[in-house]
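Shown next, in structure tokens, is the structure this report addresses.
The values are calculated or read from the model by the stated rules, or taken from the named source; none is laboratory data. All values derive from a computational prediction rather than experimental measurement. No Cβ is skipped: glycine too gets one built from the backbone with ideal geometry, and neighbour counts run over all protein chains shown. Areas reflect the complete protein model, heavy atoms only, side chains present, ligands, DNA and RNA absent. Shrake-Rupley method; radii C 1.70, N 1.55, O 1.52, S 1.80 Å.
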Amino acid sequence: MAETSDTRTPAQIEADIERRRAVLAETLDEIGVRVHPKTIVGDAKAKAVAGVDRVFGRAYVQVNRVMTEVRDQFVDDDGAPRVERIVPAALIVAGTVGLIVAGSRKRRHRRRR
């Protein structure tokens with residue numbers, strides 16, 4: 001083994017030991033905070049919230065895209081309504097609602113007998 005000569009004074013060695021103890025104590029405190037149950041729960045909550053935010057953000061973008069595409073079907077580039085598309089769509093919606101109402105009335109009428 002090669003010997004190394006330490007030219008530090010005892011006071012320097014003691015100061016170095018004290019500095020290393022302080023660094024070690026700080027590291028242990030940091031580890032204690034990281035493994036504390038409240039910290040773990042807080043980190044888990046933060047990850048869950050970030051995940052939910054990401055999902056809702058993607059959903060919002062998708063819904064916005066679909067709504068823009070639907071609007072573009074019923075409004076021209078100048079912002080004027082496209083009557084030739086609105087009237088048939090309104091008739092389809094009114095007919096569907098009428099069928100639903102008529103069906104529910106028939107069911108009610110059958111139950112009363």
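Taking the criterion of being free of Cβ contacts under 8 Å to residues at least 12 places away in the same chain and open to solvent by 70 Å² or more (accessible area, probe 1.4 Å), the residues of segment 71-95 that qualify are Arg71, Asp72, Asp77, Asp78, Pro81, Val83, Glu84, Val87, Leu91, Ile92, Val93.
When Thr27 is tested against (1) touching a helix residue (DSSP H, G or I) at 6+ places or on another chain (Cβ under 7 Å); (2) among the hydroxyl-bearing types (Ser, Thr, Tyr); (3) open to solvent by 60 Å² or more (accessible area, probe 1.4 Å), only condition (1) is not met.
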